[in-house]
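Novice: Structure incoming, see below.
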Amino acid sequence: MKLPISWLRDWIEIDADAAAVADALTRRGFYVEGIDERGGSFPGVVVARVVDVARHPNADKLSLCRVDGGGEELRVVCGAPNVRAGMLVPLATVGAKLPGDVVIRKSKIRGEESQGMLCSAREMGLSDDHEGILDLALWRPGATLVPGAPFDALLDPPDSVLEVEVPFNRPDGLGVVGLAREVKAALGGAWTPGARARLAARWTGRADFDLELEDTEGCPRYIAQALEGVRIEPSPRWLVTRLEAMGQRAVNNVVDVTNLVLFEFGQPLHAFDLSRLKGPSIRVRRAQAGEKLTTLDGRERALDPEVLVVADKERPVAVAGVMGGAETEVTAETMALLLECAYFQPQRVRRGSRFLGLSTEASKRYERGVDPEIGPAAAARFLGVLRELVPEARPLSARERNHADGKRRTLNMRSARVHRLTGLDLGPAEAKRHLEALEFGAEAGDPLRVTVPSWRGDVTLEEDLVEEVARAHGYDRIPDKPLETGGVFAVRSPRERLVARARDAMRARGLHEAWTPTLVAEREAMDAAGLLGESASSLVRLSNPVSREGEVLRPSPVPGLLAAVRRNLGQGVESVRLFEAGAGFVARGGALPEEPLMLAAVLCGARWSHAHDASQGAVEFADLKGVCEAWLGEMRVDTPIWRAYSAPGWKPGASAEVASGTSRIGWAGTLHPTLLRAWDIEVPVHLFVVLLDSLDRAPTPPAMSVPDRFPPVRRDVAFFVPAAVTHHDVESALARAGGDRLQTIELFDVYAGPGTPEGMKSLAYALRFQHPERTLTESEVQAIQDRMVAALAKECGGRLRER
């Protein structure tokens with residue numbers, strides 16, 4: 001929000017310069033990002049007439065201009081598309097200094113000498129307009145423009161414009177009146193007589209216009225005022241200057257007055273050409289399916305029943321709170337108009353603005369919430385200014401529909417609460433003085449009985465009043481004191497401790513933690529859901545998504561991790577190892593979706609990121625399985641079982657589900673290349689997903705044991721087993737037969753090539769035997785091994801592989 005100091009002084013009487021005003025606003029929560037000095041002096045810049053325009057011989061987009069600057073003709077190279085013969089323009093002569101420390105020098109541009117520069121409004125620091133050379137006849141209509149006359153004679157008095165950052169919960173700060181109220185309270189100023197008259201003025205009109213509010217929730221209040229005898233013409237200089245200071249280009253007197261009120265009161269207005277309204281009448285309703293509207297920007301827009309529209313008897317004529325329609329636009333031929341001054345529900349305006357992808361100065365204010373009671377004053381201000389510009393304009397039919405709750409909110413504020421939250425010892429009298437300076441009503445006593453003004457919709461609690469008092473007293477005057485906690489301290493829940501252990505265990509395996517978005521595209525969500533056996537019906541879709549990239553709540557962290565893999569590989573990262581712990585979202589038919597707590601990890605690229613040996617190879621599924629088993633071991637998962645699993649998105653024969661006991665706790669495997677291509681990933685990616693809620697949240701600490709004093713005995717053995725038998729089946733049979741003396745079983749080779757019996761495969765194991773009190777003899781080890789071979793033959797149909 002821009003705040004011109006000249007406009008501010010039109011509303012309040014203060015004895016402070018721009019820097020003091022900026023400091024006061026910043027201290028009260030309205031951060032001033034900068035101060036722009038407008039106007040000033042431009043020595044060396046003169047009024048000039050373009051005598052002739054010719055094409056530059058060496059550049060298609062440049063022109064050679066002969067310019068009369070009051071002396072001998074000058075040659076100037078110009079790149080503006082709007083330059084033409086006879087045009088009166090500002091000419092910066094050689095030696096002139098422009099904003100930004102730009103000094104004009106004689107130079108050659110594409111081989112042609114340029115003896116100055118024709119300037120745009122932005123190059124002069126007059127506005128943000130940079131579409132072409134400033135046309136002085138349009139910029140200063142009626143002014144005497146003589147070639148060679150100083151440009152300074154056409155300038156307005158110098159002014160300072162503050163660039164104010166307005167908090168989202170303070171929409172009253174999006175008008176000069178709201179910021180003036182803050183400055184007045186901070187610096188002890190007062191409303192000017194003119195300001196008091198404008199604030200006290202109220203619109204009154206007849207009650208005979210055909211106006212109906214069919215959606216009173218979306219539009220609780222609407223004022224319609226018809227006028228005739230309107231004359232459309234350029235606005236006077238004072239109005240153009242005010243709008244330019246706000247970065248707004250002048251259009252015509254009617255549109256400019258609506259913008260004046262918008263920037264002044266924070267209340268958007270809209271003017272319709274009355275003769276183009278069918279009826280004429282106004283209906284505020286939801287759009288009907290299939291309806292379309294061409295807005296003022298010339299674009300035809302398809303509407304939706306969620307969009308609130310202003311319609312006449314036949315069709316929509318405006319998107320409520322966002323933009324008017326082109327068919328009822330005020331033009332040079334308009335002689336009668338209808339003024340709209342309405343209060344629209346913020347949520348409905350925001351929904352329509354997002355649906356249409358259209359944001360305007362009006363929608364920015366309506367979305368935050370304008371003052372529901374400012375309408376009559378804003379309408380009176382419009383009519384008063386219009387009467388000054390077009391005295392023959394006369395009011396016709398009018399009507400107001402008001403379904404808004406006009407009751408003011410009242411709250412109690414205790415001095416003890418002020419002290420408890422801020423540490424300030426402010427009595428009720430001082431607190432009352434601060435609140436009344438901000439135009440809150442306050443009845444003396446403790447607690448204070450406070451009436452909240454209509455423009456402060458953000459004040460709903462006693463704590464909000466305490467903040468207002470602290471803000472007015474000065475945040476920098478709040479004493480530094482430790483919080484009074486009463487010995488209360490935070491304690492992590494078992495679920496939070498589980499997540500912390502899971503993250504620590506993954507980081508210990510060398511993986512980096514990622515934080516990815518919760519909202520994903522529908523295609524990505526469907527692919528991720530399919531990996532875990534979920535259907536499209538389980539997806540949780542947003543009814544009003546901001547974009548197609550965020551229309552579904554993720555079913556798991558997988559979509560975000562794959563997007564992170566793509567970015568890392570694209571940036572040249574050779575080895576990607578990422579994990580994320582967080583919630584997925586699954587619809588089960590209830591009022592709210594389920595939010596299973598998950599951990600997902602991905603591995604891809606080179607096996608070791610620190611080694612640059614090309615022969616090291618890529619990471620494989622076995623690497624992922626090793627990481628998963630180590631992680632499961634640290635998470636104290638009891639005897640995890642790996643079982644065959646298949647679902648869309650996994651590479652056939654390279655995926656498994658992980659179970660503990662009878663419960664499935666996760667999935668692991670290599671992703672199918674077709675799925676990866678949807679994420680623009682061309683290398684194999686291995687994925688592990690685990691349901692954290694299925695793990696024990698309070699595992700027993702590992703038991704400590706003294707290392708055995710006697711050396712172990714190691715045997716390497718290989719078995720032929722049927723191809724369908726899993727490593728888990730073999731390991732379980734060997735462990736049961738081995739008994740207490742068998743300490744570890746480690747699979748180190750799987751072979752199914754030449755020399756293997758048909759339908760069989762070879763599994764090789766390293767066995768370690770140990771006795772806690774003595775060294776095992778060869779015969780004892782052989783007896784245990786024979787039992788294990790016999791058990792494998794009986795339970796799995798395998799046999800010992802002879803050397």
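Novice: Quick one: grab the alpha carbon gyration tensor of region 494-694, order the square roots of its eigenvalues as a ≥ b ≥ c, and give me rounded if a/c is under 1.5, else prolate or oblate depending on whether a/b is larger than b/c.
Specialist: Because a/c hits 1.5 or more and a/b fails to exceed b/c, region 494-694 counts as oblate.
Novice: What's the extension gain from residue 523 to residue 107 if we count 0.36 nm per residue and subtract their Cα-Cα distance?
Specialist: 144.0 nm
Novice: Right, something else. Quick one: net charge around residue 432, please, counting Lys, Arg +1 and Asp, Glu -1 for every other residue with C-beta under 12 Å from its C-beta.
Specialist: -3
Novice: If you fit an axis through the alpha-carbon atoms of helix 621-634 and take the longest principal axis of the Cα set of the chain, what angle between them do you get, 0 to 90°, nearest 10?
Specialist: Helix 621-634 sits at roughly 90 degrees to that axis.
Novice: Quick one: 159, 152, fewest Cβ neighbours within 10 Å first, how do they rank?
Specialist: Ascending Cβ contact count within 10 Å gives the list 152, 159.
Novice: Is the C-alpha gyration tensor of region 443-549 telling us rounded, prolate or oblate? Criteria: a/c under 1.5 is rounded; beyond that, a/b larger than b/c is prolate, otherwise oblate.
Specialist: Oblate is the answer for region 443-549, as a/c is 1.5 or above yet b/c matches or exceeds a/b.
Novice: Can you give the FRET efficiency for residue 420 and residue 461, using 1/(1 + (r/R0)^6), R0 = 22 Å, r = Cβ-Cβ distance, to the nearest 0.05?
Specialist: 0.95
Novice: Need the C-alpha centroid separation for region 464-521 versus region 539-603, integer Å.
Specialist: 23
Novice: Could you work out the pair-distance distribution P(r) of region 183-313 from its alpha-carbon pairs, with 5 angstrom bin width and percents rounded to whole numbers?
Specialist: 2, 7, 12, 16, 19, 16, 13, 7, 4, 2, 0, 0
Novice: Can you tell me the dipole magnitude for region 45-154 around its Cα centre, using point charges on the Cβ only (Lys, Arg +1; Asp, Glu -1), in Debye to the nearest 20?
Specialist: Result for region 45-154 is approximately 240 debye, rounded to the nearest 20.
Novice: Among 403, 56, which comes first, then next, by fewest other beta-carbon atoms within 10 Å?
Specialist: Sorted ascending by nearby Cβ count, the order is 403, 56.
Novice: Ranked highest first by the average count of other Cβ atoms within 10 Å around their residues, in what order do 299-308, 84-93 fall?
Specialist: Top to bottom by mean Cβ count within 10 Å: 84-93, 299-308.
Novice: A follow-up question, please. Take peptides 68-75, 475-482 and line them up by average Cβ neighbours within 10 Å, highest first, as a rough protection proxy.
Specialist: In descending order of packing, they fall as 68-75, 475-482.
Novice: If you don't mind, there's one more thing I want to ask. What does the charge dipole of region 410-477 about its Cα centre add up to, to the nearest 20 debye, if the Cβ of each Lys and Arg holds +1 and the Cβ of each Asp and Glu holds -1?
Specialist: Charge dipole, region 410-477, about its Cα centre: 120 debye, nearest 20.
Novice: Under the 0.36 nm per residue contour assumption, what length would be gained going from the current alpha-carbon distance of residue 693 and residue 723 to full extension?
Specialist: So the extension gain works out to 7.3 nm.
Novice: Once Lys and Arg get +1 and Asp and Glu get -1 on their Cβ, which of 366, 427, 445 lies farthest toward the positive end of the dipole of region 351-472?
Specialist: After comparing all options, I get 366.
Novice: Given C-alpha coordinates of region 1-129, what is the ratio Rg to Rh with the Kirkwood estimate of Rh?
Specialist: 1.14
Novice: Also, I was wondering about something else. Quick one: helix 727-738 against the long Cα principal axis of the chain, what's the angle to the nearest 10°, folded into 0 to 90?
Specialist: Compared with the principal axis, the helix lies near 40 degrees.
Novice: Which three semi-axes in whole Å describe the equivalent ellipsoid of the chain, each the square root of 5 times a Cα gyration tensor eigenvalue, listed largest first?
Specialist: 72, 36, 29
Novice: Using a cut-off of 12 Å between beta-carbons, work out the net charge of the residues near residue 366 (Lys and Arg +1, Asp and Glu -1, residue 366 not included).
Specialist: +3
Novice: Under the rule a/c < 1.5 gives rounded, and otherwise a/b versus b/c splits prolate from oblate, where does region 648-803 land using the Cα gyration tensor?
Specialist: Judged from the Cα gyration tensor, region 648-803 comes out oblate (a/c at least 1.5, b/c at or above a/b).
Novice: Where does the charge balance sit around residue 447 when Lys and Arg score +1, Asp and Glu -1, over other residues with C-beta under 9 Å from its C-beta?
Specialist: Once all neighbours under 9 Å are counted, the net charge is +1.
Novice: Quick check: the angle from helix 375-389's long axis to the longest principal axis of the chain, C-alpha only, nearest 10 degrees?
Specialist: Rounded to the nearest ten degrees, it is 40.
Novice: Also: Taking the Cα centre of the chain as origin, work out the dipole magnitude from +1 charges on Lys and Arg Cβ and -1 charges on Asp and Glu Cβ, in debye rounded to 20.
Specialist: 900
Novice: Within region 313-344, which residues have the backbone N less than 14 Å from the label spot 7 Å out from residue 300 along Cα→beta-carbon, could you tell me?
Specialist: Flagged as within label range: 326-327.
Novice: Could you tell me which of the pairs 313/407; 2/184; 651/794; 184/481; 292/407 are separated by over 29 angstrom between their Cα atoms in the structure shown?
Specialist: From 313/407; 2/184; 651/794; 184/481; 292/407, over 29 Å: 313/407; 651/794; 184/481; 292/407.
No value in this document is a laboratory result; all are computed from the given coordinates. Since we're looking at a predicted model, the values are computed, not measured. In this analysis, Cβ positions are derived from the backbone assuming ideal geometry, glycine residues included, and neighbour counts consider all displayed protein chains.
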